[in-house]
Each structure stands twice: as C-alpha cells, then as structure tokens.
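Enquirer: Sending over a structure as structure tokens; questions will come in a sec.
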Amino acid sequence: MADISDVKLELFPQNNLAQISYTVTGSNHDGEQMLAYRELVEIVGVDKRAHEDGKDDTLFSKEYRTAFDTSHIGFVQSREIDLSGVNLDEDPGIFRPDEIRARVTLIPEIQVSRESNLVTLFVNAQV
C-alpha cells in the first residue's frame, strides 16, 4: 500500500499562489502490479479555536493521478495552486488569524472485473 509523507504547504497570497509538496512512496507490490492511485489535494481552513465552529472548511480541492511501476515507486510531488477565487479569510475579523493546512489523500484505483456464466445460442437458427 502506498504512503504519503513530508506534506508541506507554502502560501503566497500576494501572488494568489500556494505550493504543496509531498512524497508518495509505493510498495514493491504497487510497482509489480502497476497500481494507480488518485491523489486528492486539499487546502483546508482549520477551525479548532474556542470562537470557531469546530468544523474544518475545504477551501480548495483537486485530484491528480499517480501510477507506479517497477522502476518508479517513489515520487516527490510539487503542486502549484492558483488561489484566484479562493477565500483564505476563513475566520473573518481583524484579530482572528486564519489557520490553513494542506491535506493529501491517496485513493486506490483498484480495478475489479468479473465475468458472467457462458451462454451459448444460435442467433440465426430456425426452430
């Protein structure tokens, strides 16, 4: 099973830009089976303080795709996010700081396929 580590968020609000970097590492099994994963990358407004509602808000969300093979089982990903239209002021007010973090989730793309029973018929046969 693949893993994520070293998630880092950098915000550049004056440029409407965020950079999220992280490492995705697959297992030998991921590489041998050439497994693929969807990467869900989110920017989240954290609401844990006493004056907040306790519910984190997803400010941005985008999916990417990662596939492993025997020669590629580890990746350092760097995602540049355009923040135009994203409201980073998730805790309105002059003296209320906004706590923001990145979250990366790997979702396996496990393909499952099964065949039905075999039915034999003569389509053009006269009865």
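Enquirer: Failed condition for VAL104, given (1) under 30 Å from ASN15 (Cα atoms); (2) modelled with pLDDT under 80, with all others met?
Expert: It is condition (2) that VAL104 fails.
Enquirer: Out of (1) touching a strand residue (DSSP E or B) at 6+ places or on another chain (Cβ under 9 Å); (2) touching a residue at least 12 places away in the same chain (Cβ under 8 Å); (3) not basic (Lys, Arg), the odd one out for PRO13 is which?
Expert: The single condition PRO13 does not satisfy is (1).
The values are calculated or read from the model by the stated rules, or taken from the named source; none is laboratory data. Not measured: the values here are computed from a predicted model. Quick reminder, even Gly has a Cβ in these numbers, built from the backbone with ideal geometry, and neighbours come from all protein chains shown.
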